[in-house]
Amino acid sequence: MQLFSDSSLIDGFIGAVAVLCVDGVVKWSKGVRLGTAKRYGVHKAEGMGEVLAMECLCEEEDKVIEGILPLGIDNRAAIATTASGKPGPGHYIWDIFHRRHRKARNTHPDFRLHINWTPGHVDIPGNEAADMAAKCAAQTGNFGGPLAVLTRLPFGKSALAQAHLRLLKKTATKEFMRSQCFARIKAIDPVLPSNKFRKLTAPLPRKHSSVLFQLCSQHVPLAKHLYCLNKSPSPTCPCCGSANETVDHFLHFCPTHQAARSRLYTTGRLARYTKHLLNTLSLLPTLFAYIQESGRFHAIYGDFKKIELPDNANSTR
């Protein structure tokens, strides 16, 4: 005789299940759908699976259970919580488990429960049956009889916090995509906002990261942008006086910086395109060397020290 418990997250719903197998055949199974993943986490569902395992054991009255009875669980955190007496998130569920365990010992006083870690998806019949039943519980709801002990469970604190964080990120993304800044920056990186920019700027000093984002969004202290803010009398480039000083003009066309630009272009043809120049990690050292040599931002940011990228840095975002 063996017990298995499992949990599953499918289509935004959390399910927990336990099965009791006799001679490799499922005799008892109980499942419950806790609710949405916005309110409950998998860790709590694993604890529910253990409670259901004790419920299955209490239902077994045909056979006398003696000796060691294994309970297979494929979640190490749940196993550690079962043996821990310290308070923690959702620990009240394991208090329920221990109470149900004592009730099962009253029905079968001669057995000893032994909780084992069971690797998932390795063709263990009872564990595979528990996995399928957990998915069924998450999709269709409770089965296996009334479970009054599991009604009106408190929501999980961590699950609520994660759901709120996902909502904030989604809202921030929508607001950013409606901004004028996104209309300009999407030509440089159409997948923003994302974690890619943070990975790109991870090896850079803070000042360099700030200037790089300003160049991408075109909110940079060049004459064209300063003129839009009424901080410059003219949008014309003060270095050459031949065109408006935009990011593209500063990087690729201003004749005053031709000598520095020639050294920038020696890194490869990708340096000739703003999209790649601002979006490729291997080009950033020469980009900031160009900015330093041009002296255009010296009055605001001071000197830009030479960047040394780590050996394991990716060549692109």
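Using a simple spin-label model with pseudo-atoms 7 Å out from Cα toward Cβ, C240 and K305 lie 3.3 nm apart. Where only DSSP H runs of four or more residues are counted, the chain gives -13000 deg cm²/dmol as its mean residue ellipticity at 222 nm, each run worth -39500 (n - 2.57). Pairs over the 27 Å Cα-Cα cut-off, from the set K30/K169; K63/K86; K170/K199; K169/K275; K174/K196: K30/K169; K63/K86.
Once both labels are positioned 7 Å from their Cα atoms along Cα-to-Cβ, the gap between R184 and A259 label points is 3.0 nm.
Compared with the alpha-carbon gap, the fully stretched path from Q214 to T266 is longer by 16.3 nm at 0.36 nm per residue. Roughly how many Å is it from the Cα centre of segment 86-102 to that of segment 230-282, as a whole number? Each part reduced to its Cα centre gives a spacing of 64 Å. Within segment 2-156, DSSP assigns beta bridges of which about 70% are antiparallel (rounded to the nearest 5).
Couplings 3J(HN,Hα) of segment 154-169, computed from phi: x, 5, x, 4, 5, 5, 5, 5, 5, 5, 5, 5, 4, 5, 4, 5 Hz, in residue order, whole Hz [Karplus 6.51 cos²θ - 1.76 cosθ + 1.60, θ = phi - 60°; x for Gly and Pro]. With the simple model of a label 7 Å out from the Cα in the direction of the Cβ, H108 to D95 spans 2.7 nm. Within straight cross-link reach of K306, meaning Cα distance under 16 Å, which lysines are found once same-chain residues fewer than 8 apart are removed? Once the sequence-local lysines are set aside, what remains near K306 is K207. Note on N230 and A163: with the Förster distance fixed at 41 Å, the Cβ-Cβ geometry gives a FRET efficiency of about 0.40. A Gaussian network model of the chain, with springs between Cα atoms under 10 Å, assigns the largest mean-square fluctuation among Q180, Q218, Q139 to Q180. Our note on the geometry: Cα centres of segment 162-181 and segment 14-52, 34 Å apart. If you take the alpha carbon atoms of segment 202-312 and fit the smallest convex hull around them, that volume is 100 Å³ per residue.
Taken together, the values in this text are just the output of simple stated rules run on the coordinates, not laboratory data. In this text the structure is predicted, and so the values were computed from the model without any measurement. Methodologically, a virtual Cβ is constructed for each residue, glycine included, from the backbone with ideal geometry; neighbour enumeration extends over all protein chains shown.
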